[in-house]
Amino acid sequence: MLAENLAVVAPELLLAVLAMAFLMLGAFSSRAMDGPILWGATIVLAVVGLWIGFQPEGTRTAFDGSFVSDGFARFSKVMVLFGAAATLALSRDYLQKNDLLKYEYPVLAMLAAVGMMTMVSARDLIVLYLGLELQSLALYVVAAFRRDSLRSTEAGLKYFVLGALSSGLLLYGASLTYGYSGTTAFAGIGVSLEGGHVPLGLLFGLVFLVAGMAFKVSAVPFHMWTPDVYEGSPTPVTLFFATAPKVAAAAMIARLLYDAFGGATADWQQILVFLSIASMFLGAVGGIGQRNFKRLMAYSSINHMGFVLMGLAAGTEQGAQAMLIYLAIYVTMNVGAFAFILNMEKDGKPVTDLYSLGLYSRVAPARAAALAVLMFSMAGVPPLVGFFGKFYVLTAAVDAGLVWLAIAGVVASVIAAYYYLRIVFLMYFGEAVDGLDGRMPGLHWGFLGASALAMLLGIVNLFGVETIAGAAAMTLFQ
C-alpha cells in the first residue's frame, strides 16, 4: 500500500529529495557551485515536467484519496514546472550581474514547485494547506532575496504580512467547512451538499476559503500586494510570481470548487463573477498610468486573472478547459515579455521606465518586433493566440448563461489594450531617447523569439493545447 502511494507522489518526492541534495551541496561547497546548482535545478524541473507530461492517462489516488494524479493535475503540473524551469534559465545572467547568484534561490524555487504540485493534486483541505504554505514560505523569502535593497525587503515583508492574513482567512474557512461537513476530504464535503441545502455555516466557510485563495491569484480586492511586490522583487523573482504560482493557485481553486463544492455552483458562481469583473476592470484601469514596466505587468496579471476566473465562474467542463488554455497562453506570453524586461539596461544598470523604449525599433528592430507581437497578443488582438485565449473564456461564459459577464470582459479588454498598445507606440512612434544599450544573451533571445513565434504560429491549432486541455478538464468532472 505504501509503495502504491509513493508511486503516485513520486515526482513530488523526487523533486523534494533533489532540492535537499542541492541544499546540502551548496551549504558544504564553495560559491563556485552556485551556477551549476542553478542549472541543475533548471534541468531537474524540466525533466520532471516531461516525465509527468508523458505519464499514462488515468486517475490514480494516494493516501486515502487525499492526493490525486489525473489529467487536470498533470496538465497544471507541466505548466508549473516548465514555468519554473524557464524562470531559472532566464535568471542566471541577471543574478550574476547583481551579485545575487546564490544556491538558495534555485533550491527555494524547487521547494515552491513541490508546494504548487501538491496544491493542484490536493483532494483534502489539510493537503491543500500544506502545499499552499510550502509554496508561500519559499516565495516570501525569494521576494526579499536582495537583502541590501529597501524595495526588495519591503516587497518581501508586504507579501509575508498579507500572505499570513490570507492563510488565516483560508484556515478559518477550512475550520468552518470541517465543522459543518464533518470532514476535510473533498469527496466528503461534496456528499454533504448532495441534499441541495447548503448550511449557512458551510456557506461562510466557502466564502472564506475563496477569499484566502483569491489572494494567491491577485484577484481584486486581494490584489494590493501585487504591484509593490512585482516592482520591489528582483526581476527574475517577478517573472516567477507572474507564471507558475498563478497556474497553481487557479488550478487549486478549480479543484476545490468543482470537486468539493460542485453541488453548490450557484453559491460560489456569484463570488467568482464579482472577483472576475473587479479584477478585469481594476487591472485594466490601474495599468493606464504606470510608467514602470514591472508595475504595469502586475496590473496586467490582475487583469488576466480576471479572465481566468471568468472561465472558472462558468462552472462547466468547457469553462475549465478555457481556463487551462488561457493559463498556458498567459505563461508563454509572460516568459517572453520578461525575457525582454530582464535585458532592459543602460550603462549596465537595470531600467524599467517605459519611456526608455522611445523609438527602440531603430536600435533593435528584431527585439522590438518580438515584444510588439507579445503586446498585441496580451491585448487580445486577432488573429494572435492571445485573442483565442480570451475567445475561449468568453465563449464558455456565454454558453453558461453569463452573457453580461462576457460583455464586461470585452469592455475591460478594450480598456487594457491601451497600455499594451502604448508600448508598441513608444517603440515605433515615440520620441527618440538614449534609453537602452543592453545586449540580449542568446538564451534570452531564444525565449523571446520562441514566445513571439508561438503567438503567431499557434493560430493554426494552438499546438494541440486545446485538445489536451479538453481531456484534462474532463477528468475534473468524472
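The values are calculated or read from the model by the stated rules, or taken from the named source; none is laboratory data. These figures come from a predicted structure and were not determined experimentally. Virtual Cβ from ideal backbone geometry, glycine too; neighbours counted across all protein chains shown. Side chains included, ligands, DNA and RNA excluded: accessible areas come from the protein's heavy atoms. Shrake-Rupley method; radii C 1.70, N 1.55, O 1.52, S 1.80 Å.
Report the residue count in the stretch 1-21 for those that are more than 25 Å from the chain's Cα centre (by Cα) and either part of a helix (DSSP H, G or I) or in contact (Cβ under 8 Å) with a residue 40 or more places away in the chain (or both). Qualifying residue count for the region: 7.
Here L128 passes the criteria (1) under 19 Å from Y258 (Cβ atoms); (2) outside any helix (DSSP H, G or I) except the one numbered (2). Taken over the stretch 23-40, the criterion of being open to solvent by less than 70 Å² (accessible area, probe 1.4 Å) and within 30 Å of G71 (Cα to Cα) is satisfied by L38, G40.
Tell me, yes or no, whether the stretch 413-422 has at least one residue that is over 24 Å from A368 (Cα atoms), at pLDDT 90 or above and out of contact with any helix residue (DSSP H, G or I) (no Cβ under 8 Å at 6 or more places or on another chain). Checking the stretch 413-422: not a single residue is over 24 Å from A368 (Cα atoms), at pLDDT 90 or above and out of contact with any helix residue (DSSP H, G or I) (no Cβ under 8 Å at 6 or more places or on another chain). Does K102 fit the bill of being in contact (Cβ under 8 Å) with a residue 12 or more places away in the chain, outside any helix (DSSP H, G or I) and basic (K, R)? Criteria met by K102. Give the residues of the stretch 22-61 that are over 18 Å from V80 (Cβ atoms), not in a helix (DSSP H, G or I) and not acidic (D, E), sorted by residue number. Within the stretch 22-61, F28, S29, S30, P56, G58, T59, R60, T61 qualify. In the stretch 273-286, the qualifying residues are those that are buried (at least 24 other Cβ atoms within 10 Å of the Cβ) and in contact with a Leu (Cβ under 8 Å, 6 or more places away or on another chain), and the one that is farthest from A339 (Cα to Cα) is L275. Is it the case, given these coordinates, that S181 is free of Cβ contacts under 8 Å to residues at least 40 places away in the same chain and surrounded by 19 or more Cβ atoms within 10 Å (Cβ to Cβ)? Here the answer is yes, as S181 does meet what is asked.
Going residue by residue through the stretch 260-271, is there one that turns out to be at negative phi, in contact with a strand residue (DSSP E or B) (Cβ under 9 Å, 6 or more places away or on another chain) and either modelled with pLDDT of 90 or more or in a helix (DSSP H, G or I) (or both)? Steps first, answer last, please.
So the first thing to find is which residues in the stretch 260-271 are at negative phi, and the list is 260-271.
Within this subset, residues satisfying the condition of being in contact with a strand residue (DSSP E or B) (Cβ under 9 Å, 6 or more places away or on another chain) are 260.
Filter once more, so that each one left must be either modelled with pLDDT of 90 or more or in a helix (DSSP H, G or I) (or both): 260.
Among the residues of the stretch 260-271, at least one is at negative phi, in contact with a strand residue (DSSP E or B) (Cβ under 9 Å, 6 or more places away or on another chain) and either modelled with pLDDT of 90 or more or in a helix (DSSP H, G or I) (or both), which makes the answer yes.
Specify the residue that is farthest from the chain's Cα centre (by Cα); the eligible residues are those in the stretch 141-155 that are open to solvent by 20 Å² or more (accessible area, probe 1.4 Å) and within 18 Å of P106 (Cα to Cα). If we take residues in the stretch 141-155 being open to solvent by 20 Å² or more (accessible area, probe 1.4 Å) and within 18 Å of P106 (Cα to Cα), then R147 is farthest from the chain's Cα centre (by Cα). Screening M117 on (1) modelled with pLDDT under 90; (2) open to solvent by less than 10 Å² (accessible area, probe 1.4 Å); (3) over 22 Å from S30 (Cα atoms) shows it passes everything except condition (1).
Which residues, counting only those in the stretch 315-366, are of a type in the set (D, E) and either buried (at least 21 other Cβ atoms within 10 Å of the Cβ) or not in a loop (DSSP other than H, G, I, E, B) (or both)?
E317, E345, D353
Candidates are the residues of the stretch 373-402 that are under 16 Å from A284 (Cα atoms) and not in a helix (DSSP H, G or I); the one that is least open to solvent (accessible area, probe 1.4 Å) is G380.
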